[in-house]
1. Just give me the residues in segment 248-283 being at pLDDT 95 or above and under 22 Å from residue 57 (Cβ atoms), in sequence order.
2. Counting only residues that are in contact (Cβ under 8 Å) with a residue 40 or more places away in the chain and surrounded by fewer than 16 Cβ atoms within 10 Å (Cβ to Cβ), which one in segment 182-198 is farthest from the chain's Cα centre (by Cα)?
3. For residue 1, state whether it is modelled with pLDDT under 95, in a loop (DSSP other than H, G, I, E, B) and not assigned by TED's automatic domain parsing to the domain that holds residue 354.
4. Return a yes/no flag: does segment 128-151 have any residue that is closer than 20 Å to residue 97 by Cα, crowded, with 18+ Cβ neighbours inside 10 Å, in contact (Cβ under 8 Å) with a residue 40 or more places away in the chain and more than 35 Å from the chain's Cα centre (by Cα).
5. Pick out the one residue from 254, 250, 275, 222 that is farther than 17 Å from residue 81 by Cβ and touching a residue at least 40 places away in the same chain (Cβ under 8 Å).
6. Within segment 372-408, work out how many residues are modelled with pLDDT of 75 or more, under 21 Å from residue 340 (Cα atoms) and assigned to a loop (DSSP other than H, G, I, E, B).
7. With 40, 25, 77 as the choices, which residue is modelled with pLDDT under 95 and in the same structural domain as residue 246 (by TED's automatic domain parsing)?
8. Quickly run through segment 99-124 and pick out the residues that are within 32 Å of the chain's Cα centre (by Cα) and loosely packed, with under 15 Cβ neighbours inside 10 Å.
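The values are calculated or read from the model by the stated rules, or taken from the named source; none is laboratory data. Model, not experiment: these values are computed from the prediction. Methodologically, a virtual Cβ is constructed for each residue, glycine included, from the backbone with ideal geometry; neighbour enumeration extends over all protein chains shown.
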């Protein structure tokens with residue numbers, strides 16, 4: 001038996017090339033996520049339950065990347081997470097949050113506003129006609145929590161509104177002249193069709209690199225399984241406006257994954273579907289032939305994954321990316337390099353090896369936007385994180401499925417661990433540092449684009465001494 005060699009990021013370096021880039025700012029980091037989606041920044045936040053929910057997805061999209069919301073929650077909860085991203089920033093909020101009068105009182109509205117993290121709420125009747133508006137300012141000094149909202153809301157006749165066709169320029173003028181922050185859009189029948197806010201206009205101006213869909217909303221992905229409710233879940237997520245779906249399964253090169261892909265593409269032909277995870281060219285080809293629009297590559301490289309130790313299976317990540325990309329390129333299908341990224345240089349290597357984008361998890365788990373629990377240890381701040389095949393994650397899946405018992409957990413073989421990750425501040429700061437390193441790496445290879453990086457990149461294999469030499473050495477590091 002001939003055993004081939006498998007390499008990962010620490011086993012190689014990229015050889016510096018002659019460069020025409022005068023500054024790293026000249027490097028264009030845009031890259032295809034799929035045939036119809038190009039990311040300004042080729043970084044995706046992982047669909048792990050301690051990495052990506054709506055808050056992380058919003059942060060990623062604002063930086064030009066995208067986040068994949070995890071699936072370990074009810075269908076309705078995942079739909080709401082997607083909707084939060086879609087409402088977070090848009091010139092026009094097409095489906096603004098509303099309440100009906102009925103028997104609503106101040107306490108009900110305060111609870112609704114706090115739950116949805118908004119500053120105000122539109123009031124409509126059963127025919128979805130606008131009849132009033134309530135803001136935190138209206139509620140701030142109200143002592144009687146049982147008072148009906150009809151008595152304190154601003155009524156329809158005093159509300160400044162716009163037409164559904166209102167442009168950005170017109171909206172800015174109306175908001176400025178009338179000194180208001182919200183402009184409901186109402187049709188001739190009085191029905192609410194959308195909402196424009198000063199906050200959204202400012203966000204549009206302040207975040208020129210934000211990753212947005214054709215309607216000006218932030219882009220977001222969401223994950224589904226390959227068994228159970230995946231068809232129903234997909235249908236509801238598509239209705240919510242999700243931009244890309246990802247099959248969440250550790251071993252993607254399997255018959256049930258292929259069957260799932262075919263069913264999804266048959267019923268939802270327009271969806272962009274990411275399938276994986278695989279670690280070979282053969283696995284990549286089989287998923288593409290089944291109908292995958294994107295293939296996710298990586299079996300066992302994650303920092304909290306123990307699949308390789310528990311099962312003895314996997315392929316070192318750099319080799320896996322190279323083999324998968326060679327096949328994917330023949331079909332003009334992009335791949336996502338998922339896992340093993342510890343430094344910005346690893347992103348450069350992953351892309352140079354043939355990846356179109358990279359997915360990161362552990363680098364983002366300690367950020368402000370990650371949903372993990374924050375703890376203090378020895379005077380330092382940490383966040384709880386875990387691999388999605390850990391015992392804790394499996395227990396959470398049971399809870400999400402409504403199985404409130406521990407049956408079966410004693411037989412579960414974990415392929416992941418729970419861990420503490422140092423608190424790292426905002427996700428935006430992390431992404432910007434990573435992108436800065438990527439730009440520098442592209443300039444060292446003389447590549448102005450990711451496609452040029454594919455062509456110009458030259459790897460050299462290094463020894464353990466070479467790796468040691470790559471890090472600071474023979475000095476006392478201050479920080």
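1. The answer is 264, 268, 271, 272, 273, 274, 275, 277.
2. Filtering segment 182-198 for residues in contact (Cβ under 8 Å) with a residue 40 or more places away in the chain gives 182, 184-186, 189-197.
Among the residues that remain, those that are also surrounded by fewer than 16 Cβ atoms within 10 Å (Cβ to Cβ) are: 189-191.
Working: 189: 38, 190: 36, 191: 33 Å.
This residue is 189.
3. Details: modelled with pLDDT under 95: yes; in a loop (DSSP other than H, G, I, E, B): yes; not assigned by TED's automatic domain parsing to the domain that holds residue 354: yes.
Considered against the rule, which asks whether it is modelled with pLDDT under 95, in a loop (DSSP other than H, G, I, E, B) and not assigned by TED's automatic domain parsing to the domain that holds residue 354, residue 1 comes out as yes.
4. Yes: one or more hits.
5. Answer to the check: 250.
6. 1
7. 25
8. 111, 114, 115, 116, 117, 119
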